[in-house]
1. Mind checking whether some residue in region 367-380 is within 16 Å of the ligand (Cβ to nearest atom), in contact with a helix residue (DSSP H, G or I) (Cβ under 8 Å, 6 or more places away or on another chain), over 30 Å from residue 240 (Cα atoms) and part of a helix (DSSP H, G or I)?
2. Let me spell it out: the conditions are (1) touching a strand residue (DSSP E or B) at 6+ places or on another chain (Cβ under 9 Å); (2) under 17 Å from residue 164 (Cβ atoms); (3) modelled with pLDDT of 95 or more, and residue 223 meets all of them except one. Which number is the exception?
3. Report every pair of residues separated by at least 6 positions or lying on different chains whose Cβ atoms are under 7 Å apart, first residue within region 275-303 and free of Cβ contacts under 8 Å to residues at least 60 places away in the same chain and over 17 Å from residue 163 (Cβ atoms), second assigned to a loop (DSSP other than H, G, I, E, B) and more than 16 Å from the ligand (Cβ to nearest atom).
4. So which residues in region 184-202 are farther than 25 Å from residue 159 by Cβ and in contact (Cβ under 8 Å) with a residue 40 or more places away in the chain?
5. Say we look at region 408-451 and pick out the residues that are assigned to a strand (DSSP E or B) and closer than 13 Å to residue 375 by Cβ; which of these is nearest to the chain's Cα centre (by Cα)?
6. Only one residue in 444, 425, 392 is within 17 Å of residue 303 (Cβ to Cβ) and either in contact with a strand residue (DSSP E or B) (Cβ under 6 Å, 6 or more places away or on another chain) or away from the ligand (no atom under 16 Å from the Cβ) (or both). Which one?
7. If you take the residues in region 199-221 that are touching a helix residue (DSSP H, G or I) at 6+ places or on another chain (Cβ under 7 Å) and part of a loop (DSSP other than H, G, I, E, B), which one is farthest from residue 341 (Cα to Cα)?
8. Return a yes/no flag: does region 86-93 have any residue that is over 22 Å from residue 215 (Cβ atoms) and crowded, with 23+ Cβ neighbours inside 10 Å.
Ligand code: FCB
């Protein structure tokens, strides 16, 4: 038992975080290109202009993937590289870049998994209302059609949208991600609804224009909930909190059910419909049909979770972590249990094959005097999480795992201040160094188990 024999061992990245936005002509501007220019937005004024220069170095990067033994690579397409204004004219140079990347992967025996949207909204569409404009479902559909036409002869696996919770919550409620505007709550619900409609439209277009039967998924995030003990009441408490909507209005996007129930169950959760009634846009049956267009796989980004138990009055409650409990370099709690309970609860509810589309940790990595990068904290983190994933593989249909990230990269508002990679990047020289964790992951992939 444990991992399936055809388990997909991968690593993930996203376009803005690695490509280098100054590279390649014909690319249009997206909201991150514009946002990073504002003083004070990003740690030490960093930008993605150069990033990992992956646009020019992708062949070297694929070679590294091969050295690690990756079976699959999850990357995203920057919408504005291939359709600079979001709709209309196609930029052949952008198409040629992703096409060459796909070919290089396939030649090296690495399966491409393409994400359509990892937060780079074309600036021209932003000016037309962006997610607030209901037409965005068609714009996104048009983009998905181009992707299907140009790449689906070779790419079989697609994820539509990455972490809607983040780009609506951080972009428009907290407003510290692009475009960095605080929107009225009413608008954020409308945007969320349009995000889901756009997802549905993309699924339709990928199926319609796909050149082979495609495997299509979605990649939301969530803070997982796990029970304090194996007592049935604690498990039930964790399950309840996991699928509930408990955050206050200013933080409402942080939940699972609002983003996944419509896609997989065809309806918004009752709790949210009541609680947020005053903010909701018009929701039609036609919308719900579009949103719940059948998908094949469920992607879940998973970094940490909350410990829950059933309280004395039969009400679930959070369990405080012990003082001194482990945290990552960017101060996220280390909670391996979340990757056992999260997929278990998700599989129970949605009954779809699951891929962990992101999981990993930021560490204070340095190049040591011996010229190597020793990152025992990352190895320990990944080993703990993967052991839990191996355990849940006996109980749920877990198809694959994408470590975040293949290489150190531009971590949004934290700039280059966080290192999440299996591969160390020296941003000045663009030299790559495989960290100890990359070799460790290579051995795990070979052994198909955690030693
Ligand atoms: C996720 C994002 C990804 C990266 C990791 C650390 O929320 O999808 O781009 O920032 O976190």
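1. yes
2. Of (1) touching a strand residue (DSSP E or B) at 6+ places or on another chain (Cβ under 9 Å); (2) under 17 Å from residue 164 (Cβ atoms); (3) modelled with pLDDT of 95 or more, only one is false for residue 223: (3).
3. Every condition considered, the pairs that remain are 275/245; 288/266; 288/267.
4. Across region 184-202, the qualifying residues are 185, 186, 187.
5. 423
6. On inspection, the qualifying residue turns out to be 392.
7. So, considering only residues that are touching a helix residue (DSSP H, G or I) at 6+ places or on another chain (Cβ under 7 Å) and part of a loop (DSSP other than H, G, I, E, B), the one farthest from residue 341 (Cα to Cα) is 210.
8. Yes, some residue in region 86-93 is over 22 Å from residue 215 (Cβ atoms) and crowded, with 23+ Cβ neighbours inside 10 Å.
The values are calculated or read from the model by the stated rules, or taken from the named source; none is laboratory data. Given the structure is predicted, the values throughout are model-derived calculations rather than measurements. Here the Cβ is made from the backbone with ideal geometry for all residues, glycine too, and neighbour counts use every protein chain on show.
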